[in-house]
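Only one structure is covered here, and it is reproduced in the block below.
The values are calculated or read from the model by the stated rules, or taken from the named source; none is laboratory data. These figures come from a predicted structure and were not determined experimentally. Cβ coordinates were reconstructed from backbone atoms using ideal geometry, including for glycine residues, and neighbour counts include every protein chain displayed. Remember, those area values only see protein heavy atoms, side chains included, never the ligands or the DNA or RNA. Shrake-Rupley method; radii C 1.70, N 1.55, O 1.52, S 1.80 Å.
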Amino acid sequence: MKVVSTEKAPAAIGPYSQARIAGGLVYTSGQIGIIPETGAVAEGLEAQAHQVFKNLTELLKAAGSDMSKVVKTTVFIKDMNDFAAINAIYAQYFAEPYPARSCVEVARLPKDVLVECELIAEL
């Protein structure tokens, strides 16, 4: 297994890796809307969601992969009423055939963000 790390995505805020490579797949940790250059959380749902996918894009790039190779995503949202807005943003980062996906509403996310996403991609 190989550890993936990049300064172009937020540093881990706990005892975990940004991403790992194993068996020809990249497994990312959940990404939230932290702006890597400042450490601040992007403001509002749309800005947070875009930052999440930018962070994931950078992690995949550091691993030698890209968003076209994503096979599975898990999206965590604070409010299921935001599902349509998240879908619209999500669709800007993925093309058909879309990855398999789970989307769940959760009570609370780190730093009280509104959305988090983790993914699995091929190399």
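Considering the range 45-84, and only residues there that are small (Gly, Ala, Ser) and touching a residue at least 60 places away in the same chain (Cβ under 8 Å), the residue that is surrounded by the fewest Cβ atoms within 10 Å (Cβ to Cβ) turns out to be ALA63. When ALA49, ALA9, ALA62, ALA85 are checked against the criterion of being under 14 Å from CYS117 (Cα atoms), of a type in the set (Gly, Ala, Ser) and in a helix (DSSP H, G or I), a single residue qualifies: ALA49. Selection of the range 96-117 for residues being in contact with a Ser or Thr (Cβ under 8 Å, 6 or more places away or on another chain) and either open to solvent by 70 Å² or more (accessible area, probe 1.4 Å) or without any contact (Cβ under 8 Å) to a residue 24 or more places away in the chain (or both) yields only ARG101. Would you mind stating whether LYS8 is within 12 Å of the chain's Cα centre (by Cα), touching a residue at least 40 places away in the same chain (Cβ under 8 Å) and surrounded by fewer than 16 Cβ atoms within 10 Å (Cβ to Cβ)? Taking the combined requirement at face value, the residue does not satisfy it.
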